[in-house]
Amino acid sequence: MSTYQPFPSFVEWITQSGPHQAFDTYAARFREIGDDARAESSRLMTRSAAVDTNAIEGIYHSDRGFTRTIAEAAAGWEQTMQHRGAHVRPAFDDAMNGYQFILDVATGRRELSQQLIRELHATMTASQATFTVETAVGPQAQALPHDQYKTMPNSPTTAGGTIHAYAPVEDTPPDMARLIGECTSVQFTNAHPVDQASYIHYAFVCVHPFADGNGRVSRALASIYLYRNPGIPLVVFQDQRNNYYDCLEAADKGNFGPFIGFIGQRALDSVQLALESLPTTPSAEHALQQLAADGSNSPSQMSLVPGGQRLKEAVFTGIKSRLSALPTTPVITFTTSNRLFGEPGTSAGYAHLPSHELQFSLLATDESAWMVAECFTVPVRDTAPAESPEYLVVSSPGYSGFTPLARPLEVFRRDLEPTLTETLRLRIEMWGKNVVDGFVSGAVDSYRNLGR
């Protein structure tokens, strides 16, 4: 059996931290956007966090498609959730209530305290009546005490047969008091949000003060500091669980760096996802509805031929998916071509790879054969400055004369090698939606301005 190792002081914790330059760059961009857009992106990320914080604990299964459907409150999201089980919606609502609860701490309306943490536990486990206990005769269900510290040891047996020791029952109240002291100290208050989030998360799970629900509470507590800066919660997806646990295990051995880095990367992922979710134009559906109101009824077809590189394939697969989801277009058909219309825009410090260029167009089905087009390229640089993206995906106007999305998609090499991360795939989907929305909206405006 292992011996309980109390969590380190915050001063000791940050000796193994490093700079968080990429996070700072994207957090600054997020803080610059308008209040309404920032609030909507924060809502999207909060719903994502609420879905997967339960999935990590095995309460239900999630995947990126399920998470996105629920996060975006897409059509049929409640039925999608119901199909996973009657317990899924209550657990999700509990988590959402928990994240709303901690916003009072993030905004300074309430102070961090043991009482507040106990209330947070009661909120996030409100619909959970029991938890499973391993006994000499096998697993048994016991009533879950809400907002009460544990009264029995809760140290689990690892896959290797050893027991991982959390704080003993008698040490729990004093250790929680020490945790509050560390997290209200001057050093902690003035620290970087990634260091704050990673520390309170790790210190809390070291104690494991409740009979169950500790993981959910720890991720909510970590989110306090990311809600403060830049304004979104910590999101850890279910498919990142193994790496998550490996980093926690390394921290248990005194190697805090991997866990700080893990939380930093998830925070960076979250703010990048939030930025990609921002709408840049009215939706394509809205533009096509406007055109339909002009009166015409011709079917639309869309075909997209992706390129040979991983990033290009993923980008144009995302565009294809977005176009395929659009309603029937009255007077427009979608086509693709490998011919380049116009030259790609330049990006300082990046080399444009011609083989990564692709064009797609909207073609009016009347005799005028009116066409608009957009050209895409993937600039790349092998020697990017530290913590800067090695890849961009940019667009330049072809026949259309307008650019659908001025903001490029910025991609780090680590998100492409050895394969695309699921977070990058989700970012590409969001970016592609904005590209198509801008392209279709601009094309429809141009068509209508011509009096057709």
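The values are calculated or read from the model by the stated rules, or taken from the named source; none is laboratory data. Because the structure is a prediction, the values reported are computed rather than measured. Cβ sites come from the backbone with ideal geometry, for glycine too, and all protein chains shown count toward neighbours. What goes into the accessible areas is simple: the full protein's heavy atoms, side chains included, and nothing from ligands, DNA or RNA. Shrake-Rupley method; radii C 1.70, N 1.55, O 1.52, S 1.80 Å.
If you add up the charges near Val88, with Lys and Arg at +1 and Asp and Glu at -1, over every other residue whose beta carbon is less than 14 angstrom from its beta carbon, what do you get?
-3
Solvent-accessible area of Trp77, probe 1.4 Å, all protein chains present, reported in Å² to the nearest ten, please.
The value for Trp77 is about 40 Å².
Enumerate by residue number the GluC sites (Glu not before Pro) in region 71-127 meeting two conditions: DSSP loop (anything except H, G, I, E, B), and at most 15 other Cβ atoms within 10 Å of the site's Cβ.
When the GluC sites (Glu not before Pro) of region 71-127 are filtered for loop state and at most 15 Cβ neighbours within 10 Å, Glu72, Glu111 remain.
So which lysines pass the test for Lys312, namely a Cα distance under 30 Å, with those fewer than 8 places away in the same chain ruled out?
Lys320, Lys433
Assuming R0 = 35 Å, what is the FRET efficiency of Arg31 and Glu313, from their Cβ-Cβ distance, to the nearest 0.05?
It comes to 0.60.
As an exercise, take the mean of 1/r over every pair of distinct alpha carbons in region 26-134, invert it, and state the Kirkwood radius in angstroms.
15.4
Residue separation times 0.36 nm, minus the C-alpha to C-alpha distance between Arg414 and Arg241: what's the value? Numbers along the way, then the final one.
Working: separation 173, 0.36 × 173 = 62.28 nm, distance 1.81 nm.
Full extension from Arg414 to Arg241 adds 60.5 nm.
Over all pairs of distinct alpha carbons, what does the Kirkwood formula give as the hydrodynamic radius of region 60-199, in Å?
18.2
Quick one: ranking His61, His87, His192, His121 by accessible area, 1.4 Å probe, largest first, what do you get? Walk me through the numbers on the way to the answer.
Details: His61 110, His87 85, His192 45, His121 0 Å².
My answer, sorted largest first, is His61, His87, His192, His121.
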